[in-house]
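Novice: Before anything else, here's the structure in question.
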Amino acid sequence: RTGLAERPPARVRGLREVRLLDLSPTGAQIEHLDLFRLGASCAIDLPPPCGALGVPARVIWCTVIGRKRKLGGDSHLVARSGLRFIALTQAQHAAIADSLRHLTTARKPDGHRQSA
């Protein structure tokens with residue numbers, strides 16, 4: 001599992017924008033507003049360096065971590081969810097593996113970018 005300090009934006013199709021917290025060959029952890037239903041199927045569009053890759057997934061856990069106030073006084077739950085990728089094609093597996101290699105070689109252990 002590779003943690004993503006920048007928390008890049010991603011999108012769960014048909015639902016909402018999310019923040020990608022970590023990525024592995026078998027799934028991802030995301031942060032989002034409101035709740036996802038356990039066991040729900042979804043498709044997540046991963047950001048570059050994944051090349052805007054869309055992968056099918058299932059929600060395997062979801063937990064509330066706080067609240068976020070919006071303009072006008074409304075508030076929304078902030079939650080984190082674990083997604084397990086399902087029925088990936090060879091091309092999707094390869095793209096995720098390439099992205100993970102890129103993410104792990106682009107950073108030094110102290111978290112700073114290596115110079116090219």
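Novice: Condition first: touching a His at 6+ places or on another chain (Cβ under 7 Å), under 24 Å from Thr89 (Cβ atoms) and surrounded by 14 or more Cβ atoms within 10 Å (Cβ to Cβ). Can you find one or more residues in segment 58-67 that meet it?
Specialist: no
Novice: Limited to segment 54-109, what total is found for residues that are part of a strand (DSSP E or B), farther than 25 Å from Ala43 by Cβ and at pLDDT below 85?
Specialist: Of the residues in segment 54-109, 4 are part of a strand (DSSP E or B), farther than 25 Å from Ala43 by Cβ and at pLDDT below 85.
Novice: Select from segment 87-102 the residues that are surrounded by 14 or more Cβ atoms within 10 Å (Cβ to Cβ) and farther than 16 Å from Leu21 by Cβ and list them in ascending order.
Specialist: Leu88, Gln92, His93, Ala95, Asp98, His102
Novice: Condition test on Gly39, is it modelled with pLDDT of 85 or more, out of contact with any Leu (no Cβ under 9 Å at 6 or more places or on another chain), surrounded by fewer than 11 Cβ atoms within 10 Å (Cβ to Cβ) and not in a strand (DSSP E or B)?
Specialist: Working: modelled with pLDDT of 85 or more: yes; out of contact with any Leu (no Cβ under 9 Å at 6 or more places or on another chain): yes; surrounded by fewer than 11 Cβ atoms within 10 Å (Cβ to Cβ): yes; not in a strand (DSSP E or B): yes.
It is true that Gly39 is modelled with pLDDT of 85 or more, out of contact with any Leu (no Cβ under 9 Å at 6 or more places or on another chain), surrounded by fewer than 11 Cβ atoms within 10 Å (Cβ to Cβ) and not in a strand (DSSP E or B).
Novice: Next question, about the same structure. Could you please find all residues in segment 3-28 being under 10 Å from the mean Cα position of the chain (by Cα), over 19 Å from Lys68 (Cα atoms) and modelled with pLDDT of 80 or more?
Specialist: Hits for segment 3-28 are Val12, Asp22, Leu23, Ser24, Gly27, Ala28.
Novice: Enumerate the pairs (first residue in segment 64-81 and without any contact (Cβ under 8 Å) to a residue 40 or more places away in the chain; second residue anywhere and among the small types (Gly, Ala, Ser)) with beta-carbon separation below 9 Å, excluding pairs fewer than 6 apart on the same chain, so at least 6 apart or on different chains.
Specialist: That search, which allows pairs on different chains as well, returns Val64/Ala79; Ile65/Ala79; Gly66/Ala79; Arg67/Ser75; Lys68/Ser75; Arg69/Ser75.
Novice: Residues in segment 70-104 that are over 25 Å from Leu38 (Cα atoms) and basic (Lys, Arg): how many?
Specialist: Here the count works out to 2.
The values are calculated or read from the model by the stated rules, or taken from the named source; none is laboratory data. What you see is a predicted model, and the numbers here were worked out from it, not measured in a lab. No Cβ is skipped: glycine too gets one built from the backbone with ideal geometry, and neighbour counts run over all protein chains shown.
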